[in-house]
Amino acid sequence: MMSSGDARFFVSHKKGEIAELREEINSQDRDKKKDAVKKVIAAMTVGKDVSMLFTDVVNCMQTDNVELKKLVYLYLINYAKSEPDLAILAVNTFVKDSQDPNPLIRALAVRTMGCIRVNKITEYLCDPLQRTLGDDDPYVRKTAAICVSKLFDINPELVEDRGFIDQLQELLADNNPMVVANAVAALAEIRDNAHSPCSVFLLDTNTVYKLLAALNECTEWGQVFILDSLASYSARDERDAESVVERVTPRLQHANCAVVLSAVKVIISQLEVC
């Protein structure tokens with residue numbers, strides 16, 4: 001988002017600079033506006049209080065420039081908790097962005113809404129989240145899956161009432177392996193939450209073989225999520241356990257030690273049945 005050439009944005013603040021930043025943020029010149037928001041983010045990064053520019057920065061959300069939108073969302077995540085009433089002003093743009101033709105913007109909107117831990121905003125997140133969990137684009141679906149676990153941490157009752165856990169479980173059969181991996185990660189996080197219902201992530205044989213199929217096409221961290229979940233599976237019989245071990249054993253040769261360790265956990269868990 002910021003490159004090495006952006007070091008100039010980290011210069012020391014001068015007296016009256018907030019007024020200058022406000023003027024630049026509200027400029028009609030898009031490049032000047034973007035540079036001003038970069039200066040604000042730079043100041044925020046080094047611990048300076050730029051919360052007085054909240055309304056001005058949030059007004060920049062109404063843009064089709066993805067880089068500028070990312071910067072505004074970053075600012076919003078940082079200050080939403082201290083300015084919850086002002087953060088609500090951004091909700092309509094979030095909802096609109098969750099339906100944008102660009103999947104990157106749809107995913108960005110849902111991810112940011114999930115990171116804003118403000119109770120007043122969570123109820124507005126439900127409809128966009130419900131929609132993006134069934135999005136045509138796998139990048140949006142996998143982002144929405146993780147958002148469910150973040151929402152559960154804030155409001156478990158809301159997640160259960162709106163059927164989000166059921167939607168996550170449906171994503172375990174998704175045709176995209178990274179969507180499957182993120183659904184597994186989200187369900188595992190919900191399962192480990194103190195407020196989790198006991199039946200949130202129970203693996204049956206059908207689900208296990210879907211996860212094993214996704215395992216072959218996942219990134220290494222996606223494999224870790226799936227393998228860690230498989231370690232809790234109780235095989236039906238010796239043949240079932242041997243089949244799981246056979247499918248997992250090639251991961252023992254993986255270059256990533258986290259994948260190897262997770263594979264070892266699965267194999268050890270199945271040896272009790274073999």
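What to note about this one:
- Heavy atoms of the protein chains alone define the surface here; on that basis segment 163-268 has 49 Å² accessible area per residue at 1.4 Å probe size.
- On the basis of the beta-carbon distance and an R0 of 41 Å, residue 32 and residue 257 show a calculated FRET efficiency of 0.30.
- When the Gaussian network model of the chain links Cα atoms closer than 10 Å, the mean-square fluctuations of 149, 98, 51 top out at 51.
- Segment 186-229 and segment 165-179 have Cα centres separated by 10 Å.
- Of interest is the spacing of the C-alpha centroids, which for segment 135-161 and segment 91-123 amounts to 11 Å.
- When the Gaussian network model of the chain links Cα atoms closer than 10 Å, the mean-square fluctuations of 70, 48, 81 top out at 48.
- Relative contact order of segment 52-179, taken over Cα pairs closer than 8 Å and 6 or more residues apart, is 19 percent.
- If the chain linking residue 95 and residue 249 were pulled fully straight, counting 0.36 nm for each residue of separation and taking away their Cα-Cα distance, it would gain 51.0 nm.
- Between residue 166 and residue 23, the FRET efficiency estimated from the beta carbon spacing at R0 = 35 angstrom works out to 0.10.
- Restricting segment 206-267 to GluC sites (Glu not before Pro) that sit in a DSSP loop and have at most 15 other Cβ atoms within 10 Å of their own Cβ leaves 217.
- For the chain, adding -39500 (n - 2.57) for each run of n ≥ 4 DSSP H residues and dividing by the number of residues yields -19500 deg cm²/dmol at 222 nm.
- Cα-based Rg and Dmax for the chain, where Dmax is the largest Cα-Cα distance (Å): 22.2, 74
- Cα-Cα over 21 Å, subset of 32/120; 34/70; 39/69; 81/120; 96/142; 39/150: 32/120; 39/150
- Solvent-accessible area of the chain (1.4 angstrom probe, protein heavy atoms only): carbon and sulfur portion equals 49 percent.
The values are calculated or read from the model by the stated rules, or taken from the named source; none is laboratory data. Given the structure is predicted, the values throughout are model-derived calculations rather than measurements. Cβ coordinates were reconstructed from backbone atoms using ideal geometry, including for glycine residues, and neighbour counts include every protein chain displayed. The area values use the complete protein model at the heavy-atom level, side chains included, leaving out ligands, DNA and RNA. Shrake-Rupley method; radii C 1.70, N 1.55, O 1.52, S 1.80 Å.
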